[in-house]
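The block underneath contains the structure these notes are about, expressed in structure tokens.
The values are calculated or read from the model by the stated rules, or taken from the named source; none is laboratory data. Everything numeric in this text was worked out from a predicted model, so none of it was measured. All Cβ positions, glycine included, derive from the backbone under ideal geometry; neighbour counts span all protein chains shown. Keep in mind that these areas ignore ligands, DNA and RNA; they rest on the heavy atoms of the full protein, side chains included. Shrake-Rupley method; radii C 1.70, N 1.55, O 1.52, S 1.80 Å.
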Amino acid sequence: MSLFYMNVFRILFASIVIVDLTLAKYRRVLSSVDQCTELGPETPYNTTVSLNFYGNPDSLSDDDMDLISETLGGAIDASSSCLDVLEVVKIDSMIDRRKLTSREVYDMSIRGLDDEEIDFDFTLVFLVSYQCYFCPDDGLFENDGSRRKIMEDMKHGRPRRSVVTEKFNEILRNSNLSPKVEMLNRISEQKQMDECGIETHDLTTEICVTFMGDYTYLREDQTEMDTIEQAVMKAYNTMNQVNPYTCDKLFRKIHKVEYHEVSSIDRDSFILTFAIAYECRGCKNTGAKLFDERVSMFDAGRQDLHVDFQKIGPMELECSCDIQAKFERAPTQDEFSRALKRTIEIRTAQGEIEYVTYDATNGINSEILV
């Protein structure tokens, strides 16, 4: 074969390769466009998500809440090319007042009206309606722990929580919400569990908690004692709300805390014993306690306190868990202890606790089954 024909052959071969690569790239782009132009489901999907923030929830207005809803919808849309958010609605925070006496409801309504504005972690809950093309119907988000590789330039289907969180904070930094809301810590997607049909039982127990301070002044201030009792209840319940680490399928929830005994340790510290009334699904005569232990060597315990420290709220689906929760258990004593310490710190900064501090070194001494 002559040199001339060999060169012509090389040119033709190179041209074919270039054309083939171009067509392949075009087919990939066309395929992604075709996916997004397919008809979605007749009825949109609905899901409930919990957003945990760091900031000052007391400073948020109705307009701010609307802006958070818009930001969430925009962050989800921007994180997936084939998912359309139709509506984001905030579910109002509230406490289950059926479990409270009229005096407790009154006390909670008048306390903290003049709270000092401080920043802490808090949770807001939203209902998200969306339409997704070629997505499974088992949740809004892709599993962040999945090993499936998704090319950065082909983000079809469901977005990852980590990507939505990053996009939300990017939008947040350029919005009027900052510094009221400094950052989004995490997102949880709620799912109502099958155990919701199991009978709920009312149980009681006692816990002993070590404090530092002057008990003489504390026992003369019933309002502060009430605040400490509420802090104990809040610390447990907030750690057992929807989160991406644990799911308590017994759905234990404290609805009454009452101090009934004090034991002096020394001049500056004492132990308060609290009677705890709580509900539990399917726990009767099982020996189940208020606290659980870690379930395996892979359960390192919850390392953060990205939970809700508001006095009231948030409202969540009854007996629900995070779709991606890793372990089935209630809070451990150590997790509760850290949450109680932070709750006491916040209520102290808000001016509601003056005479005592929580002794994190000794913490929760014991749980006594009643």
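Can you go through TYR245, TYR236, TYR259 and tell me which one is farther than 17 Å from CYS196 by Cα and touching a Pro at 6+ places or on another chain (Cβ under 7 Å)?
TYR236
In segment 69-81, which residues are under 13 Å from ARG158 (Cα atoms) and buried (at least 22 other Cβ atoms within 10 Å of the Cβ)?
Within segment 69-81, ALA75, ILE76, SER79, SER80 qualify.
Suppose we filter segment 267-286 for residues that are surrounded by fewer than 17 Cβ atoms within 10 Å (Cβ to Cβ), in contact (Cβ under 8 Å) with a residue 40 or more places away in the chain and either in contact with a helix residue (DSSP H, G or I) (Cβ under 6 Å, 6 or more places away or on another chain) or assigned to a loop (DSSP other than H, G, I, E, B) (or both); how many remain?
Final tally of qualifying residues: 3.
Looking at ASP202, ASP248, ASP226, can you tell me which residue is touching a Cys at 6+ places or on another chain (Cβ under 9 Å), of a type in the set (Asp, Glu), in contact (Cβ under 8 Å) with a residue 24 or more places away in the chain and surrounded by 19 or more Cβ atoms within 10 Å (Cβ to Cβ)?
Going through ASP202, ASP248, ASP226 in turn, the sole match is ASP248.
Which of the residues spanning segment 340-354 are surrounded by 22 or more Cβ atoms within 10 Å (Cβ to Cβ) and of a type in the set (S, T, N, Q)?
THR343
Residue by residue, here is whether (1) modelled with pLDDT of 75 or more; (2) among the aliphatic types (A, V, I, L, M); (3) on the phi > 0 side of the Ramachandran plot holds:
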{"site": "LYS90", "(1), (2), (3)": "yes, no, no"}
{"site": "SER93", "(1), (2), (3)": "no, no, no"}
{"site": "LEU113", "(1), (2), (3)": "no, yes, no"}
{"site": "ILE118", "(1), (2), (3)": "yes, yes, no"}
{"site": "THR123", "(1), (2), (3)": "yes, no, no"}
{"site": "PRO136", "(1), (2), (3)": "no, no, no"}
{"site": "GLY157", "(1), (2), (3)": "no, no, yes"}
{"site": "ILE171", "(1), (2), (3)": "yes, yes, no"}
{"site": "ILE187", "(1), (2), (3)": "yes, yes, no"}
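Of the conditions (1) over 15 Å from THR343 (Cβ atoms); (2) touching an Asp or Glu at 6+ places or on another chain (Cβ under 8 Å); (3) assigned to a loop (DSSP other than H, G, I, E, B), GLN241 fails just one. Which one is it?
(1)
For the structure I just gave you, tell me whether THR286 is β-branched (Val, Ile, Thr) and under 20 Å from TYR245 (Cβ atoms).
no
Hey, can you tell me all the residues within segment 187-199 that are open to solvent by 30 Å² or more (accessible area, probe 1.4 Å) and in contact (Cβ under 8 Å) with a residue 12 or more places away in the chain?
LYS191, GLN192, MET193, GLU195, CYS196, ILE198, GLU199
Taking the residues in segment 205-223 that are surrounded by 16 or more Cβ atoms within 10 Å (Cβ to Cβ) and among the β-branched types (Val, Ile, Thr) as candidates, determine which candidate is farthest from THR348 (Cα to Cα).
It comes out as THR205.
Do the conditions hold for ILE254, that is, is it modelled with pLDDT under 95, among the hydrophobic types (A, V, I, L, M, F, W, C) and open to solvent by less than 50 Å² (accessible area, probe 1.4 Å)?
No.
Would you please name the residue that is farthest from ASP121 (Cα to Cα), looking only at residues in segment 292-337 that are basic (Lys, Arg) and open to solvent by 40 Å² or more (accessible area, probe 1.4 Å)?
Out of the qualifying residues, it is ARG294.
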